[in-house]
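All remarks here apply to the structure that follows.
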Amino acid sequence: MISKKIEKAINQQINDEFYSSYYYMAMSAYCEGIDLPGFAQWMMVQADEEQEHGKRFYQFLLARDGKVVLDKIDKPQGEFKSILDMFEHVLEHEKFVTKKINELYELALKENDYPLQVELQWFIQEQVEEEKTAKDIIRQIKWIGDQSTALFMLDQKMAERGGSPSSSAE
């Protein structure tokens, strides 16, 4: 039987993952608004992945006979100073998600919840990748500076991520 502490923490993580999806959708809309459809595509794929993460926790909780309790999703930020500013927010958000996953893992250790420890291994590895990707993109945007041709080329590259957003979530 899953502990009430674990159940509550997983429900919070479900909410955090769905918020992340909503946040990336807002970023996608921002990119569309500044005529960067490749970045918008990249963000929509990211939103779909976060939705899948929330569903994964949802299914995990149900499989453990836990009760899923969905909560409201806060309104995400939708305006940014620049594409660089937006990706700096991406990195900070991914660091926040990493912290939440690590806290959940610490709770799983404390509660001797071995199935959750195993499940969280995937998320821990995923967060290493997410933070690295954000840092790499920030580096590329900084290299570009105000070269609009280079930004256009990077936008084209960003559009290549995963094809259509609805089919690429893992």
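The values are calculated or read from the model by the stated rules, or taken from the named source; none is laboratory data. Predicted model only: the values in this text are computed from it and were never measured. Positions of Cβ are backbone-derived with ideal geometry, glycine not excepted, and every protein chain shown enters the neighbour counts.
A few points about this structure:
- First in the stretch 52-70 and free of Cβ contacts under 8 Å to residues at least 40 places away in the same chain and surrounded by 11 or more Cβ atoms within 10 Å (Cβ to Cβ), second anywhere and part of a helix (DSSP H, G or I) and small (Gly, Ala, Ser), Cβ under 6 Å, 6 or more apart: none
- For first residues located in the stretch 73-102 and in contact (Cβ under 8 Å) with a residue 24 or more places away in the chain and surrounded by 18 or more Cβ atoms within 10 Å (Cβ to Cβ), partners that are outside any helix (DSSP H, G or I) and not aliphatic (A, V, I, L, M) and lie 6+ apart or on another chain with Cβ distances below 6 Å form the pairs 86/80.
- A single entry from 50, 17, 32, 7 fulfils the requirement of being among the acidic types (Asp, Glu), touching a Ser or Thr at 6+ places or on another chain (Cβ under 6 Å) and at pLDDT 95 or above: 50.
- Those helices (runs of 4 or more DSSP H) of the stretch 1-115 in which at least 1 residues are touching a Gly at 6+ places or on another chain (Cβ under 9 Å) and of a type outside the set (S, T, N, Q), considering only elements entirely within it, cover 4-33, 37-63.
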